[in-house]
Protein chains: 2
Amino acid sequence: MAYIDLKNKLPGIVGLMEYSPETAKPMSQLAETLLRGPSTLTSAEREMIASYVSYQNECHFCHSSHGAAAAHHLDGDMSLLDDIKDGFKKTDISDKLRALLNIAKRVQILGNEVRPEDVETAKKEGATDREIHDTVLIAAAFCMYNRYVDGLGTWAPEENEAYDESGKQLAKEGYTNSIPK
Amino acid sequence: MAYIDLKNKLPGIVGLMEYSPETAKPMSQLAETLLRGPSTLTSAEREMIASYVSYQNECHFCHSSHGAAAAHHLDGDMSLLDDIKDGFKKTDISDKLRALLNIAKRVQILGNEVRPEDVETAKKEGATDREIHDTVLIAAAFCMYNRYVDGLGTWAPEENEAYDESGKQLAKEGYTNSIPK
C-alpha cells in the first residue's frame with residue numbers, strides 16, 4: 001500500500017497520475033515526446049533504454065511496463081524483460097544502441113558520471129548529437145519516474161505476464177490518451 | 001563546453017531547452033506546477049527542496065538557480081545558497097520542512113530508500129499526504145533536471161552572485177514565460 005492515501009487502488013505510476021492529474025499531464029507529455037515522438041531511434045530502442053534504466057533504479061513497475069512496451073514494438077516476446085535484466089545477452093541490438101545504453105547507465109548513477117569517452121564511443125558507433133541528447137534525457141526522466149513510483153511506496157504486479165496487455169496498449173496508443181482529466 | 005553542439009552558448013538547462021523546445025515545454029510546465037502551483041507549501045520551501053536535492057546530486061547550476069529563486073521568495077539574501085549546502089544550519093525552517101527535506105534526501109538516493117518511518121515522522125510534524133506527494137515528486141523531478149544538465153556536460157557560472165538576477169526572475173515570473181517556441 002502506498003505511503004499516502006491515493007484514493008484508488010491502481011498500481012505504480014497509474015495510481016499516482018490519477019491522484020495528481022495536474023502533474024500527470026506534463027509527465028505524460030514528456031514520456032510521449034521522448035518515447036514516441038519523431039526520432040531516428042525506434043520506439044523499441046527508446047523503451048529498452050527506459051526499461052534498462054528503471055531496472056538499474058530497482059523500479060520493478062517501470063522496468064516491466066516499459067520492457068513490455070518495447071516487446072510489443074517488436075514481436076511481442078515478453079522474455080525481453082528478463083534479457084534487459086541480463087544486459088541484452090540474447091537480444092540482437094546494434095553497437096550504437098549498446099553505446100547509448102552505456103551512457104544511460106552512467107546518467108543513472110549521476111549526471112557527472114558521464115565521461116567524454118562515453119560520448120566519443122557513441123559518436124564513433126554512429127550516434128548523432130540528437131540521439132545522445134535524447135538518450136541522456138530518457139535516462140534522466142526515468143530517474144524521476146522511478147523515484148516517484150517507489151518513493152511513495154506504490155504496489156506493482158510481480159510477474160512479467162501481468163504487464164503484457166498494458167505493454168501492448170502503451171506501444172499502440174502511447175502515453176497521453178489516458179491522462180486523467 | 002557541452003558534449004553535443006547545442007548551437008547556443010547558454011548555461012545549464014537554459015541552453016538545453018533552447019536546443020530541444022519540444023521537451024522543454026512539458027519540463028517547464030512540470031517545474032511551474034511543482035514549484036509555483038497551488039500548494040500549502042510556500043514557493044520558497046519548494047525551491048529550497050529543489051536546491052537541496054540538486055546539491056546532493058552535485059548539480060551546481062540547479063543548486064544555485066533554485067537556491068537563488070528561494071532567496072528571492074524571501075528577503076533576497078543570497079547566503080541562503082551556502083546554508084543549503086550546510087543543511088540549513090542558519091535558516092529558520094519548520095520541523096515539518098526539515099522532515100520533508102529528509103524524505104527528499106532519501107528520494108535522491110533511490111525511491112526504495114524512503115522508509116515508512118521517514119513518512120511517519122513527516123506526518124507527525126504535520127505534513128499532509130499532498131505535501132508528502134509533492135516533496136517526493138519535486139525531489140524525483142530534480143533527479144531528472146540535474147542529470148540532464150550534467151549528463152550533457154553543460155557549463156555553469158561559478159559564483160553565487162551570478163545567479164542573483166535569474167533567481168529574481170524565476171521567483172517573479174516563473175518557468176513557463178521563457179519557453180522557446
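The values are calculated or read from the model by the stated rules, or taken from the named source; none is laboratory data. Predicted model, so just to flag it, every value in this text is computed and none were measured. So basically every Cβ, Gly included, is an ideal-geometry build from the backbone, and we count neighbours across all protein chains shown. These area figures cover heavy atoms from the full protein model, side chains too; ligands, DNA and RNA do not enter into them. Shrake-Rupley method; radii C 1.70, N 1.55, O 1.52, S 1.80 Å.
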Report task. For B:Lys124 paired with A:Arg115, estimate the spin-label separation in nm (one decimal), with each label point 7 Å from Cα along the Cα-to-Cβ line. Result -> 4.5
Report summary line: Around B:Asp83 (Cβ within 15 Å, Cβ-to-Cβ, excluding B:Asp83; K/R +1, D/E -1) the net charge comes to -3
Query raised in the report: What are the nm distances, shortest first, from A:Pro116 to its equivalents in the other copies, labels at 7 Å along Cα→Cβ?
Result: 5.1
Requested in this report: Note the angle between two axes, namely the Cα long axis of helix A:129-151 and the longest principal axis of the Cα atoms of chain A, as a number of degrees from 0 to 90, rounded to the nearest 10.
Outcome: 30
Report task. Return the sequence-ordered ³J(HN,Hα) values of region A:24-34 in whole Hz as given by the Karplus equation 6.51 cos²θ - 1.76 cosθ + 1.60 applied to θ = phi - 60°, using x for Gly and Pro. Result -> 4, 4, x, 5, 5, 5, 5, 4, 4, 5, 5
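Would you calculate a helix-derived [θ] at 222 nm for the protein assembly as shown, using -39,500 (n - 2.57) for each DSSP H run of n ≥ 4 and dividing by the full residue count, to the nearest 500? Intermediate values should be presented prior to the final figure.
Values: 18 runs with 230 residues, N = 362.
Calculated mean residue ellipticity at 222 nm is -20000 deg cm²/dmol.
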**Report entry** Gap separating the Cα centres of region A:1-45 and region B:112-157, nearest whole Å
**Finding:** 17
Query raised in the report: If you put a point 7 Å past Cα along the Cβ direction, how far is that point for A:Lys90 from the same point in each other copy, in nm, smallest first?
Result: 6.0
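Near B:Leu110, within a Cβ-to-Cβ distance under 12 Å, what is the net charge of the other residues, with Lys and Arg +1 and Asp and Glu -1?
Details: positive: A:Arg147, B:Lys105, B:Arg106, B:Arg115; negative: A:Glu58, A:Asp150, B:Glu113.
For residues surrounding B:Leu110, the net value is +1.
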Query raised in the report: With a sphere of radius 14 Å drawn around the Cβ of B:Val53, what net charge do the other residues whose Cβ falls strictly inside it have (Lys, Arg +1; Asp, Glu -1)?
Result: 0
Query raised in the report: Given A:Lys124/B:Lys7; A:Lys123/B:Lys9; A:Lys105/B:Lys172; A:Lys7/B:Lys25; A:Lys25/B:Lys9; A:Lys123/B:Lys105, which pairs have Cα atoms separated by over 26 Å?
Result: A:Lys105/B:Lys172; A:Lys7/B:Lys25; A:Lys25/B:Lys9; A:Lys123/B:Lys105
Query - Cα coordinate range in the protein assembly as shown, projected on the principal axes (Å, largest first) - result: 58, 47, 32
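Over the Cα atoms of chain B, what is the Rg over Rh ratio if Rh follows Kirkwood?
Numbers: Rg = 15.7 Å, Rh = 16.4 Å.
Dividing the radius of gyration by the Kirkwood radius yields 0.96.
At a Förster radius of 22 Å, what calculated FRET efficiency corresponds to the Cβ-Cβ distance of B:Asp75 and B:Glu32, to the nearest 0.05? Walk me through the intermediate numbers first.
On the way: r = 23 Å, r/R0 = 1.06.
The calculated FRET efficiency here is 0.40.
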Requested in this report: Working from Cα positions, state the angle (0 to 90°, nearest 10) between the long axis of helix A:60-73 and the longest principal axis of chain A.
Outcome: 60
Query - Residue-level accessible surface for A:Arg36, protein heavy atoms, 1.4 Å, Å² - result: 70
Query raised in the report: So what is log10(I(q)/I(0)) for region A:1-83 at q = 0.18, 0.20, 0.22 1/Å, when the Debye sum runs over its Cα atoms only?
Result: -0.84, -0.98, -1.09
